[in-house]
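Here is the structure we will look at, set down as structure tokens.
Please treat every number below as a calculation from the coordinates, not as lab data. Not measured: the values here are computed from a predicted model. FYI the Cβ positions are ideal-geometry reconstructions off the backbone, even for glycines, and counts take in every protein chain you see.
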Amino acid sequence: MVRLLILGLDCAEPSLVFDHWRQDLPNLSRLMQAGLWGRLRSTVPPITVPAWTCMVTSQDPGMLGLYGFRNRKTYNYDDLYIPNAANIKAKTIWNHLSRNRLRSLIFGVPQTYPPRPLNGMMVCSFLTPSKEVAYTYPPEAQPELEAAADGDYIIDVEDFRTENKDWLRDSIWEMTRRRFKAFRHFLAKEEWDLAFLVEMGPDRIHHGFWRYHDPAHRLYQPGNPYENVIHDYYVYLDEEIGKTLELASQDTAVLVVSDHGAKTMVGAICINEWLQREGYLRLKQQPQEQMPLKTEMIDWSRTMAWGEGGYYSRIFMNVKGREPEGIVPAQDYEKVQAELKDKLEAMVDEEGKPLGTRAFRPQDIYCRCEGVPPDLIVYLGDLDWRSAGSVGTGSIYLYENDTGPDDANHAQDGMIIWHRPALPSSGGPGHYSIYDIAPSVLHYFGLETPEEMIGKPIK
């Protein structure tokens with residue numbers, strides 16, 4: 001029987017697995033020694049949503065119309081929404097397998113809520129609003145899932161941006177333990193050809209504890225009580241992976257992937273303060289204290305652009321005939337867009353040194369642009385800085401996140417380890433693309449790559 005086990009580790013950082021702690025991760029190391037491994041180039045932007053969906057469909061964010069965790073539904077100013085499975089029109093790996101009578105066990109893959117029928121079983125991801133709704137397929141699997149997870153399956157650690165670090169550490173450990181325990185229950189019980197788990201723990205542990213772990217972080221203190229939390233979590237995660245591998249037959253292929261990596265966050269750039277300083281954004285009245293920018297605060301008659309916060313920034317232009325109160329003439333759109341891009345990329349830090357910001361025009365980086373794309377996607381300091389959407393800060397530069405404690409930003413490269421028993425080791429690290437995962441999975445099962453997929457099988 002041809003079987004494939006995929007273990008997805010959200011935000012797992014390749015340098016920690018491949019370089020720093022390889023000797024402490026015997027199960028991942030064993031898979032590396034017997035297979036191919038290396039960095040996995042993520043999407044632009046390298047964000048959980050849309051990266052996992054891009055991975056399982058081999059379509060880019062523009063093709064999917066998913067440009068981040070929040071998207072504009074229309075060109076109205078207040079029409080942001082969080083997309084879920086109902087917004088995804090592209091076929092996933094398990095859709096293709098189902099059509100070919102192959103059975104899948106899908107556990108925690110982002111953007112799977114609400115659950116859709118498939119040939120197999122599905123447990124939805126951290127984007128499930130609560131456990132008051134149906135979050136498994138079939139629905140009757142839900143009580144068994146809860147029982148298999150010691151009576152309380154944990155979808156996600158809520159409020160992970162907290163100063164209560166002991167609680168956060170323990171909550172992440174417990175979430176991971178229960179998810180793997182429940183996954184192994186169904187792995188042993190169910191018939192499956194593809195079994196696919198995504199664990200959110202690495203992402204939560206990085207955002208909560210990176211400053212305690214990384215000597216390059218400005219707040220790092222040697223010998224602090226949380227210095228080894230991330231290391232110890234990776235060791236624990238490797239143990240859970242080892243227990244899971246014991247349930248896989250010797251001829252089962254194993255694929256370990258992360259959707260992006262992690263890196264130290266220097267601080268935050270207040271993108272809307274910068275846009276005000278450069279004359280693109282005007283407010284009706286300046287706030288006297290730091291607060292989130294709300295659209296009713298903006299003087300649209302004098303505003304050319306505004307921005308959104310996040311691990312990267314999205315810039316939206318106020319275009320005449322497109323936005324309700326647009327002022328940028330349509331014929332000047334590309335000129336203003338190019339001007340903004342140049343000014344963003346020339347941005348400097350407080351000492352006057354170039355930040356290394358990169359600004360992308362969606363039409364340049366995607367095969368096509370469905371839905372309502374941002375006018376610019378911006379990596380502030382090439383992702384060393386995040387974007388703060390707040391105004392009233394009194395400065396363009398913040399050294400604390402404006403949405404709660406957060407130490408890490410996302411890095412462009414995730415990781416891949418692929419052990420196929422019938423093939424020899426690749427012998428060393430390689431560089432791969434997130435878009436090649438879905439075609440590779442289909443190829444493994446003897447299926448052709450559909451025309452709509454932009455990646456190619458890894459051979």
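Simple rule: put +1 on each Lys or Arg Cβ and -1 on each Asp or Glu Cβ in the chain, find the dipole, and look at Ile271, Cys11, Gln33; the Cα lying farthest toward the positive end is Gln33.
Report the gain in length on full extension from Lys131 to Lys459: 0.36 nm times residue separation, minus Cα-Cα distance, nm rounded to one decimal. Kindly include the intermediate steps, with their values, before the conclusion.
Working: separation 328, 0.36 × 328 = 118.08 nm, distance 4.09 nm.
114.0 nm is the gain from fully extending Lys131 to Lys459.
Please give the calculated 222 nm ellipticity per residue for the chain, where each DSSP H segment of at least 4 residues contributes -39500 (n - 2.57) and the sum is spread over every residue; nearest 500 deg cm²/dmol? Intermediate results must be reported in sequence, preceding the final value.
Details: 12 runs with 124 residues, N = 459.
Helix-only estimate at 222 nm: -8000 deg cm²/dmol.
What is the local net charge at Arg204, summed over the other residues whose Cβ is closer than 9 Å to its Cβ (Lys, Arg +1; Asp, Glu -1)? Walk me through the numbers before you get to the answer.
Details: positive: none; negative: Asp10, Asp156, Asp203.
Residues close to Arg204 contribute a combined charge of -3.
May I ask you to derive the FRET efficiency for Asp166 and Gln331 from their Cβ-Cβ distance with R0 = 41 Å, giving the value to the nearest 0.05? Can you show the working numbers first?
Working: r = 58 Å, r/R0 = 1.42.
Taking R0 as 41 Å, the efficiency between Asp166 and Gln331 is 0.10.
Which of Lys89/Lys335; Lys181/Lys456; Lys73/Lys320; Lys343/Lys456 have a Cα-Cα distance over 27 Å? Please report the intermediate quantities before stating the final value.
Numbers: Lys89/Lys335 33 Å; Lys181/Lys456 34 Å; Lys73/Lys320 18 Å; Lys343/Lys456 36 Å.
Lys89/Lys335; Lys181/Lys456; Lys343/Lys456, as the Cα separations exceed 27 Å there.
Which whole-number percentage describes the relative contact order of region 104-180, with Cα contacts under 8 Å and a sequence gap of 6 or more?
Reported as a whole number, the value is 22 percent.
Taking a point 7 Å from the Cα of His231 along the Cα-to-Cβ direction, the residues of region 13-42 with backbone N closer than 19 Å to it are 13-29.
Spin-label model, Arg70/Tyr397: points 7 Å from Cα along the beta carbon direction are separated by 2.6 nm. Taking Lys and Arg as +1 and Asp and Glu as -1, the other residues whose beta-carbon sits under 14 Å from that of Tyr444 total 0. Each Lys and Arg adds +1 at its Cβ and each Asp and Glu adds -1 at its Cβ; summed about the Cα centre, the chain shows a dipole of about 1180 debye.
Go ahead and run the numbers for FRET between Arg282 and Lys243, Cβ-Cβ distance against an R0 of 60 Å, rounding to 0.05. Spell out each step's value before the answer.
Details: r = 58 Å, r/R0 = 0.97.
That gives a FRET efficiency of 0.55.
Using θ = phi - 60° in the Karplus curve 6.51 cos²θ - 1.76 cosθ + 1.60, the 3J(HN,Hα) couplings for region 319-327 round to 8, 5, x, 10, 7, x, 10, x, 10 Hz; x is entered for Gly and Pro.
Normalising the average separation of contacting C-alpha pairs (under 8 angstrom, six or more residues apart) by the number of residues puts the relative contact order of region 267-405 at 38 percent. Among 270-280, 354-364, the peptide with the highest mean count of other Cβ atoms within 10 Å heads the list, and the full ranking is 270-280, 354-364. For region 1-114, a/c is not less than 1.5, where a ≥ b ≥ c are the root eigenvalues of the C-alpha gyration tensor, and a/b does not top b/c. That puts it in the oblate class.
Applying the Karplus relation 6.51 cos²θ - 1.76 cosθ + 1.60 with θ = phi - 60° to region 347-353 yields 3J(HN,Hα) values of 4, 10, 8, 5, 9, x, 8 Hz, where x marks Gly and Pro.
What FRET efficiency, computed as 1/(1 + (r/R0)^6) with R0 = 22 Å and r the Cβ-Cβ distance, is obtained for Ala338 and Asp382, rounded to the nearest 0.05?
Values: r = 20 Å, r/R0 = 0.90.
In this case the efficiency is close to 0.65.
If a spin label sat at a point 7 angstrom from the Cα of Asn95 along the line to its beta carbon, the backbone N atoms of region 27-57 nearer than 14 Å would be those of 53-57. Between His20 and Gln250, full extension at 0.36 nm per residue minus the direct alpha carbon distance yields a gain of 79.9 nm. When the alpha carbon gyration tensor of region 267-405 is reduced to an equivalent ellipsoid, its three semi-axes come out at 22, 19, 13 angstrom, largest first.
Using only Cα atoms, locate the centre of region 255-322 and the centre of region 123-146, then give the distance between them in Å, rounded to an integer. Rounded to whole Å, the Cα centres lie 35 Å apart.
In order along region 217-231, the phi-based Karplus estimate (6.51 cos²θ - 1.76 cosθ + 1.60, θ = phi - 60°) of 3J(HN,Hα) comes to 6, 5, 9, 5, 10, x, x, 5, x, 10, 4, 9, 4, 5, 4 Hz; Gly and Pro are listed as x.
Near Ala411, the amide H atoms lying under 5 Å from its own belong to Gly261, Ala262, Lys263; only residues 5 or more places off or on other chains count, and H is placed 1.01 Å from N.
Charged neighbours of Ala141, selected by a Cβ distance under 12 Å, balance to -3 (K, R count +1; D, E count -1).
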